[in-house]
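Reading through the structure tokens given below for one structure.
The values are calculated or read from the model by the stated rules, or taken from the named source; none is laboratory data. None of these values were measured; they are calculated from a predicted model. Cβ sites come from the backbone with ideal geometry, for glycine too, and all protein chains shown count toward neighbours. Please note that ligands, DNA and RNA were not included when accessible areas were found on the heavy atoms of the full protein model with its side chains. Shrake-Rupley method; radii C 1.70, N 1.55, O 1.52, S 1.80 Å.
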Amino acid sequence: MTIVSSSAADGFIQRLPKDLRFYLVHGADEGLTHERSKAIVGKALDGDMDPLRVVRLEGEAIARDPGVLADEAYAIPIFGGSRAIWIDAQGRDLMPALEPLFKRPPGDCTIVVKAGQLKKGAPLRSAFEKAPNAASVECYSDEAKALLQLIDAEAAAAKLAIAPDARSALADLLGADRQTTRGEIAKLVLYARGRTRIEIADVEAIVADAAPSALDELVDQALIGDLKRAAATATRYFSEGGDGDLMMIRLVQRLTLIHRLRLEMDQGRSFDAACQAVFVRLPASAMRMLAVQAERWTSDSIARRLPLIRAASARVRAEPRLAEILATRAIWSLASRSGAGRG
């Protein structure tokens with residue numbers, strides 16, 4: 001039985017135990033659950049992410065046919081060596097498929113399950129917390145110390161120093177989602193290329209005051225119910241080479257964040273207090289837009305829609321030829337229905 005807190009997770013993954021076969025990576029930070037799931041798979045395979053050694057499965061497929069997981073887990077690879085199965089739970093009931101494997105673990109196959117936020121006592125979480133050869137890894141938004149360490153590490157990797165005021169300002173603006181955080185730091189590092197130090201002016205130019213991208217506009221328009229503008233922005237986004245997979249990831253991230261805020265607001269907290277509770281740090285203009293979205297949606301309406309968007313995201317990954325059609329359909333669905341979000 002191994003329970004790993006969010007703050008200890010990165011160190012745990014670096015020293016991944018050899019005797020564990022099952023990992024549940026769960027939490028409210030969608031980007032962080034993806035990052036840590038991928039890191040565990042990579043560590044278990046000693047960095048060799050060969051497609052022949054990594055099997056990706058969706059929760060929906062396993063729920064329809066629980067036996068598919070055992071078939072993959074006990075399969076003998078043609079070329080030998082260890083394997084990993086990476087599962088996106090998508091809120092599905094995976095226990096019928098996992099319970100037989102807990103009782104008879106596969107010999108040389110690691111199973112990693114990526115899930116959203118799970119309450120203590122949820123069947124999937126409890127199973128991983130109690131199994132002797134499993135680990136439950138939490139993923140929550142970066143706290144101040146972890147965020148500063150991430151900023152320092154990324155700057156050092158780019159051979160850049162960062163001024164103390166720039167470091168502090170950057171930390172104040174980031175942290176709600178690991179994937180978004182890394183993306184913003186990467187933009188900043190690229191902007192500072194050719195110099196030796198990142199200054200506060202760089203942060204203000206690239207992160208704090210940056211105009212929203214077409215993707216940011218598209219997500220905002222869909223979630224406030226502006227169907228006409230969302231349709232036009234989607235057309236522009238794809239005509240400029242936009243990535244459908246990235247669009248779906250951003251939609252899932254935003255809906256997950258709004259759901260967390262709504263759960264806090266349902267307990268009587270104001271929007272500002274809810275943002276503090278879940279460590280949301282965004283520029284003022286983005287916070288205003290987020291407040292509008294949080295008012296238009298309820299926790300129940302998001303709980304109904306989020307699994308559908310996750311399923312659409314999985315289809316976009318599985319069928320890249322249809323990515324533009326599927327992603328645009330998801331945008332239209334959210335934009336046309338968000339006005340009825342309270343229903």
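Dividing the C-alpha radius of gyration of segment 1-155 by 2.2 N^0.38 Å, with N its residue count, gives 1.01. Count Lys and Arg as plus one, Asp and Glu as minus one, and take only other residues whose Cβ is under 14 Å from that of GLU324; the net charge is then +1. Taking only the C-alpha atoms of segment 144-285, the Rg (one decimal) and the largest Cα-Cα distance, Dmax (whole number), read 16.5, 49 Å.
Ranked by the mean number of other Cβ atoms within 10 Å per residue, highest first, peptides 308-314, 251-257 order as 251-257, 308-314.
Roughly how large, in nm² to one decimal, is the mean projection of the convex hull of the alpha-carbon atoms in segment 68-219?
Mean projected area of the Cα convex hull: 13.1 nm².
Calculated mean residue ellipticity, 222 nm, the chain: -17500 deg cm²/dmol, from DSSP H runs (n ≥ 4) at -39500 (n - 2.57) each, averaged per residue and rounded to 500.
For segment 201-267, taking the reciprocal of the average inverse distance between every pair of different Cα atoms yields a Kirkwood hydrodynamic radius of 13.4 Å.
Whole number please: convex hull volume per residue of the Cα set in the chain, in Å³? Let's see the in-between values first.
Working: hull volume 50.3 nm³, N = 343.
Considering the Cα atoms of the chain, their hull volume per residue is 147 Å³.
Across LYS120, LYS130, LYS38, mean-square fluctuation computed from a Gaussian network of the chain (C-alpha pairs under 10 Å connected) peaks at LYS120.
Normalised per residue, the accessible area of the chain is 48 Å², obtained with a 1.4 Å probe and no contribution from ligands, DNA or RNA. Here segment 269-327 is treated as a Stokes sphere of Kirkwood radius computed over C-alpha pairs; at 10 °C and 1.306 mPa s its diffusion coefficient rounds to 116 µm²/s.
Counting only protein heavy atoms and a probe of 1.4 Å, the accessible surface of the chain is 55% carbon and sulfur.
Principal axis analysis of the Cα atoms in segment 55-131 yields extents of 40, 24, 17 Å, listed in decreasing size. Given the pairs LYS130/LYS187; LYS119/LYS159; LYS43/LYS120; LYS43/LYS159; LYS120/LYS228; LYS38/LYS159, which are separated by over 32 angstrom at their Cα positions? Where the Cα-Cα span goes over 32 Å, the pairs concerned are LYS130/LYS187; LYS119/LYS159; LYS120/LYS228.
Given in Å, the Rg to one decimal and the Dmax to the nearest whole number for the Cα atoms of segment 201-313 are 14.6, 43. Here segment 1-65 and segment 190-259 have alpha carbon centers that stand 27 Å from each other.
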